[in-house]
Amino acid sequence: MQIMITFKTPDAVEYALEDEFSSYERTCGDGECMDDDPNCPDCEEVSLKVDEQMEDARTFIEQFVQHGEMVNILFDTNENTATVIKRR
Ligand SMILES: [Zn+2]
């Protein structure tokens, strides 16, 4: 037997991305610079790379999560599996 269930959790993706990327360094490594230092172009570059990584992660997740909050899971009692179904 297969049963599809849609789970909806508003803001779950945003919270997860925030959780993951808030700990990423946004400095050039120069001891003088603060996190995301507005006066240092190297820090700005590092910060932009972190933003890019976050966007890539968001794009990947969006293949599976509709509207940033809904996910379809197919439960299969014969196969003993639960599979996240890519959105269409
Ligand atoms: Zn810097």
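Bear in mind that the values in this text are calculations on the coordinates, not laboratory data. All of these numbers come straight from a predicted model, not from anything done at the bench. Every residue, glycine as well, gets a Cβ built from its backbone with ideal geometry; the counts of neighbours run over all protein chains shown.
Label-to-label distance, Tyr24 versus Asp51, with points set 7 angstrom from Cα along the beta-carbon direction: 1.2 nm.
Dipole size of the chain about its Cα centre, with +1 on Lys/Arg Cβ and -1 on Asp/Glu Cβ: approximately 980 debye, rounded to the nearest 20.
With unit charges on the beta carbon (Lys/Arg positive, Asp/Glu negative), name the residue among Val50, Tyr15, Met1 whose Cα is farthest towards the positive pole of the charge dipole of the chain. Ranked along the dipole, the leading option is Met1.
Computed extension gain for Gln63 through Thr77, at 0.36 nm per residue and net of the alpha carbon distance, reaches 2.6 nm. Quick one: helix 12-21 against the long Cα principal axis of the chain, what's the angle to the nearest 10°, folded into 0 to 90? Compared with the principal axis, the helix lies near 40 degrees.
Both the radius of gyration and Dmax for the chain are 18.6, 61 Å, in that order, over alpha-carbon atoms. Computed from label points 7 Å out along Cα-Cβ, the spacing between Asp11 and Asp36 is 1.8 nm. Relative to the longest principal Cα axis of the chain, at what angle does helix 41-62 sit, 0 to 90 degrees, rounded to 10? Helix 41-62 sits roughly 0 degrees off the main axis of the chain.
Its relative contact order, with pairs defined as Cα atoms under 8 Å and 6+ residues apart, puts the chain at 39 percent.
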